[in-house]
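These notes concern the structure reproduced below.
The values are calculated or read from the model by the stated rules, or taken from the named source; none is laboratory data. Computed from a predicted model, the values in this text were never measured in an experiment. In this analysis, Cβ positions are derived from the backbone assuming ideal geometry, glycine residues included, and neighbour counts consider all displayed protein chains.
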Amino acid sequence: MSLKLEHVQYTYSPSTAYEIHALKDVNLEIPDGQFIGLIGHTGSGKSTLVQHLNGLVKATSGHIYFNGEDIYADGYDMRKLRSKVGLVFQYPEHQLFEMDVLSDICFGPKNQGLSKEEAEVRAREAMRMVGLSEEYEKQSPFELSGGQKRRVAIAGVLAMEPEILILDEPTAGLDPRGRDEILDQISRLHKERGITIVLVSHSMEDVAKYVERIIVMNQGEVLHDGAPREVFRHYKELESVGLAAPQVTYILHTLKEKGFGVDEDATTIEEARDTILRVFRDKVKKHD
Amino acid sequence: MDKKETMIKAKDLVYEYRKYDEEGRERELIKAVNGVNFQIEKGDFVAILGHNGSGKSTLAKHINALLVPSAGTLWVDGIDTKEEERVWDVRQSAGMVFQNPDNQIIGTIVEEDVGFGPENMGVPTKEIWERVEESLKAVNMLKYRHHSPNKLSGGQKQRVAIAGVVAMHPECIVLDEPTAMLDPNGRKEVIRTVRALNQVEDITVILITHYMEEVIYADKVIVMDDGKIVMTGTPREIFSQVETLKSYRLDVPQATQLAWELKKAGLDLPDGILTREELVEALCHLN
């Protein structure tokens, strides 16, 4: 089971003066169960790419295979693809509209043809998955806090039981704790349910903390594709394309330049702490 | 040295609103801002932190009289914001920039958008153009003056929105999460612009943000929780209290967090390290 992109190109307004190549020869494979971070500055093509993954936008040329099937083949069931590849847009809480939380989450599965009862079973399960207790079922989604609204919106996609969940900046506008809670929850979904996650993010620190693979988009092309420690090694190049590395990357590289034997490829606070402590072992005050 | 003048002063400020159920019966009374006192001097750069729902945006909307206090008083440049006939004076002294640049830009050409504010104020045409030019220069967007705003990046749009406020010659600008929707580069551009307005143009800046890294340049940080001010101090004083901040659903910059973790593990580092340069230097001192 995987999603595979071969030579995908996407051109806006082809053969006019406004022609823009939003995606240029993108080749990617998203195997089952990965937690992927997708980064790139505004206009780098990452949102266009994401919209290809569940067939919202059709490539100008190239092929996309979902579980081996060509999604552009005649008679391919796009609806099935869309229920298997769930997409949570930016500020998804703007799309809440029902009277209460449970009905809002039921909308997707009902649209898939499930009965009210089946949809409610799915919705309750999805609420558990995002950490919303039963007491929220009958509340109006509009009276919830920003972080809770966002959980409702994510639950609405999860209730369709996707195999791949794509989230476009799920933490934008949330306070630091709200951000950690949502990302921890997503990480738990990945670990416990084996759902493949594609996280679009502008926060290098978040990406470094959670994902196992980073895809960097720039000018419609894949610039880097690898583990965080490999990708953030190119921090100078990332800066030149409007991105950055986590702060710890800069700290470790500076320490390395000053002659300390730290592992400069560490990308999280915990890894940075451990490598610095190893070097400064003899400076640690002994507790009695 | 001259004593600084007061830009904004709040005394026992309360803002409350009522929630009603479907039958129109009052269900609860919510105090979004609950007895707040503070003072901001002219030329200061003040950051306000607080989790979603802590009351910081409600407080900010009082500064340009989008909201008026339910109780207590807020003065902007000496004007009580409750004086209805002076609301435009208040809004001219204190301009406001919001999170989403797309909701704030109305012109089809950058320079027209920036000129909208001064035109509305009745500024003579010749002066409008002077103001447009100087404002776009101040946010480093002059070369885009003839562009269409919808072709700009998020950071550029937000700088146009800031120029639109600057063109009204405010003494003070309130920015409510201006970088929340931007990529790292856009964030950098906006914060650099805001700092320049404060340092070069001497405009008082009140910055509301969830990005702790943006706060380290402020003169003063105010932390809000549950409608009240719970901490006030310099960034170094505030970020020395890692656990207290976390209890308010906030965070510290990554360099501060790393320094704190190293200190906990037994390294003799000072409190309140704010930047990666400071951390590297402190580590070098250990040797």
Filter the stretch A:38-68 down to the residues that are part of a loop (DSSP other than H, G, I, E, B) and over 22 Å from B:SER153 (Cβ atoms) and list them by number. A:ASN54, A:GLY55, A:LEU56, A:LYS58, A:ALA59, A:THR60, A:ASN67, A:GLY68
Condition first: surrounded by 14 or more Cβ atoms within 10 Å (Cβ to Cβ), over 18 Å from the mean Cα position of the chain (by Cα) and aromatic (Phe, Trp, Tyr). Can you find one or more residues in the stretch B:14-22 that meet it? yes
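Out of the residues in the stretch B:156-180 that are touching a Pro at 6+ places or on another chain (Cβ under 7 Å) and in a helix (DSSP H, G or I), which is surrounded by the most Cβ atoms within 10 Å (Cβ to Cβ)?
So the first thing to find is which residues in the stretch B:156-180 are touching a Pro at 6+ places or on another chain (Cβ under 7 Å), and the list is B:157-158, B:160-161, B:167-168.
Cutting the leftovers down to in a helix (DSSP H, G or I) gives us B:157-158, B:160-161.
Numbers: B:LYS157: 26, B:GLN158: 31, B:VAL160: 26, B:ALA161: 27.
Ranking the qualifying residues of the stretch B:156-180, first place goes to B:GLN158.
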Filter the stretch B:40-51 for residues that are away from every other protein chain (no Cβ under 14 Å) and in a loop (DSSP other than H, G, I, E, B); the one that is surrounded by the fewest Cβ atoms within 10 Å (Cβ to Cβ) is B:LYS42
In the stretch B:52-74, is there at least one residue being part of a helix (DSSP H, G or I), touching a helix residue (DSSP H, G or I) at 6+ places or on another chain (Cβ under 7 Å), modelled with pLDDT under 90 and within 14 Å of chain A (Cβ to nearest Cβ)? no
Would you check which residues across the stretch A:141-156 are at pLDDT below 90 and over 15 Å from A:PRO170 (Cα atoms) and list them? A:PHE142, A:GLU143, A:LEU144
Could you tell me whether any residue of the stretch A:175-185 is part of a strand (DSSP E or B) and buried (at least 20 other Cβ atoms within 10 Å of the Cβ)? no
Which condition from (1) under 23 Å from B:ARG276 (Cβ atoms); (2) in a strand (DSSP E or B); (3) within 14 Å of another protein chain (Cβ to nearest Cβ) is the one that A:MET217 breaks? (1)
If I filter the stretch B:256-287 down to residues being facing another protein chain (nearest Cβ under 7 Å) and more than 15 Å from A:VAL262 (Cβ to Cβ), which single residue comes out as nearest to the chain's Cα centre (by Cα)? B:GLN257
Where residues in the stretch A:205-214 are more than 18 Å from A:SER47 (Cβ to Cβ) and part of a helix (DSSP H, G or I), which of them is farthest from the other protein chains (Cβ to nearest Cβ)? A:TYR210
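Please give the helices (runs of 4 or more DSSP H) falling wholly within the stretch A:230-288 in which 3 or more residues are closer than 30 Å to A:THR42 by Cβ and facing another protein chain (nearest Cβ under 10 Å). First the steps, then the outcome.
On the way: elements: A:235-240, A:247-257, A:269-279.
Answer list for the stretch A:230-288: A:247-257.
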Any pair with Cβ under 6 angstrom, 6 or more apart, that starts in the stretch A:113-130 at a residue that is within 11 Å of A:GLU161 (Cβ to Cβ) and ends at one that is part of a loop (DSSP other than H, G, I, E, B): A:ARG122/A:ALA159; A:ALA126/A:ALA159
For the stretch B:229-247, indicate whether the set of residues that are facing chain A (nearest Cβ under 9 Å), buried (at least 16 other Cβ atoms within 10 Å of the Cβ), polar (S, T, N, Q) and over 13 Å from B:ILE48 (Cα atoms) is non-empty. no
So, in the stretch B:75-98, exactly how many residues are buried (at least 20 other Cβ atoms within 10 Å of the Cβ) and not in a helix (DSSP H, G or I)? 6
Any idea how many residues of the stretch B:92-142 are touching a residue at least 40 places away in the same chain (Cβ under 8 Å) and not β-branched (Val, Ile, Thr)? 20
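Scan the stretch B:18-39 for residues that are in a strand (DSSP E or B), without any contact (Cβ under 8 Å) to a residue 40 or more places away in the chain and not hydrophobic (A, V, I, L, M, F, W, C) and report the count. Don't jump to the end; show me each part of the working.
Looking only at the stretch B:18-39, we keep the residues that are in a strand (DSSP E or B), and these are B:18-20, B:26-39.
Adding the requirement that they be without any contact (Cβ under 8 Å) to a residue 40 or more places away in the chain leaves B:18-20, B:26-30, B:39.
Checking the rest, the ones that are also not hydrophobic (A, V, I, L, M, F, W, C) come to B:18-20, B:26-28, B:39.
Summing the residues that are in a strand (DSSP E or B), without any contact (Cβ under 8 Å) to a residue 40 or more places away in the chain and not hydrophobic (A, V, I, L, M, F, W, C) in the stretch B:18-39 gives 7.
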Counting only residues in the stretch B:195-221 that are out of contact with any strand residue (DSSP E or B) (no Cβ under 6 Å at 6 or more places or on another chain), closer than 19 Å to B:PRO235 by Cα and of a type in the set (A, V, I, L, M, F, W, C), the one farthest from the other protein chains (Cβ to nearest Cβ) is identified as B:ALA196
Does A:HIS21 fit the bill of being assigned to a strand (DSSP E or B), over 30 Å from A:GLY147 (Cβ atoms), in contact with a Lys or Arg (Cβ under 9 Å, 6 or more places away or on another chain) and touching a residue at least 40 places away in the same chain (Cβ under 8 Å)? no
Is the stretch A:70-88 home to any residue that is over 20 Å from A:GLN34 (Cα atoms) and within 14 Å of another protein chain (Cβ to nearest Cβ)? no
Every residue from the stretch A:221-243 that is small (Gly, Ala, Ser) and either surrounded by 23 or more Cβ atoms within 10 Å (Cβ to Cβ) or at pLDDT 95 or above (or both): A:GLY226, A:ALA227
